[in-house]
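Structure, as C-alpha cells:
The values are calculated or read from the model by the stated rules, or taken from the named source; none is laboratory data. Just so you know, these numbers come straight off a predicted model, no measurement behind them. Ideal geometry is used to build each Cβ from the backbone, glycine not excepted, and the neighbour counts take in all protein chains shown. Heads up: the accessible areas ignore ligands, DNA and RNA and are worked out on the full protein's heavy atoms, side chains in. Shrake-Rupley method; radii C 1.70, N 1.55, O 1.52, S 1.80 Å.
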Amino acid sequence: MPEAKPIIPVILSGGSGTRLWPLSRPEQPKQLLPLTAEETMLQLTAQRTTGERFARPIVVANALHADQVEEQLAAVEARAQALILEPMGRNTAPAIALAAIAAGVGAILFS
C-alpha cells in the first residue's frame, strides 16, 4: 500500500479589520488578535496543522501584515512552506487558487 501524501494545509489569513471594531483594526485584524485564548486565531490554526499527517501550511495574508504573520508563526514554532501576500483584500476564490498553484495542485474543482 503506497504511503499517504501529507495534507497541505492552507490558512487564509486575510481580512480588513472592520468586523470586530474597535478590537480589530486594519493594522491588526481579528486573525492576529488573541480573542479566545492566549494565542491569536492565526497561531491556534497553525498549531492545528502540525504532526506527521501535515505538510507545512501555505498562508495567504495581506501584504501589510507580512511581518506580524511571520512573527506570530515563529512564536508558536510554526513555519509556512509559502507565504502568499496579497497587495489588497480579494475574495476567497483567488486566494485558494494561488494556494493551489503554490502547492502544485494540477486541477482545482469548484462546485
Stick to the Cα atoms of the chain, pair each with every other, and give me the Kirkwood hydrodynamic radius in Å at one decimal. 14.7 Å
At most 16 other Cβ atoms within 10 Å and a DSSP loop assignment: could you name the GluC sites (Glu not before Pro) in region 27-91 that fit? E27, E38, E39, E52, E77
Just want the answer: with Cβ charges of +1 for Lys and Arg and -1 for Asp and Glu, which residue in G15, L32, L73 is farthest toward the dipole's positive end in the chain? G15
DSSP loop (so not H, G, I, E, B), at most 15 other Cβ within 10 Å: list which trypsin sites (Lys or Arg not before Pro) in region 8-50 pass both filters. R19, R48
Per residue convex hull volume, Cα only, region 55-107, in Å³ is 70 Å³
At a 1.4 Å probe, what is the % contribution of carbon and sulfur to the accessible area of the chain? 56 percent
Whole number in Å², please: accessible area per residue of the chain, 1.4 Å probe, ligands, DNA and RNA not counted. 68 Å²
Taking Cα pairs under 8 Å and at least six residues apart, what relative contact order does the chain come out at, in percent? 26 percent
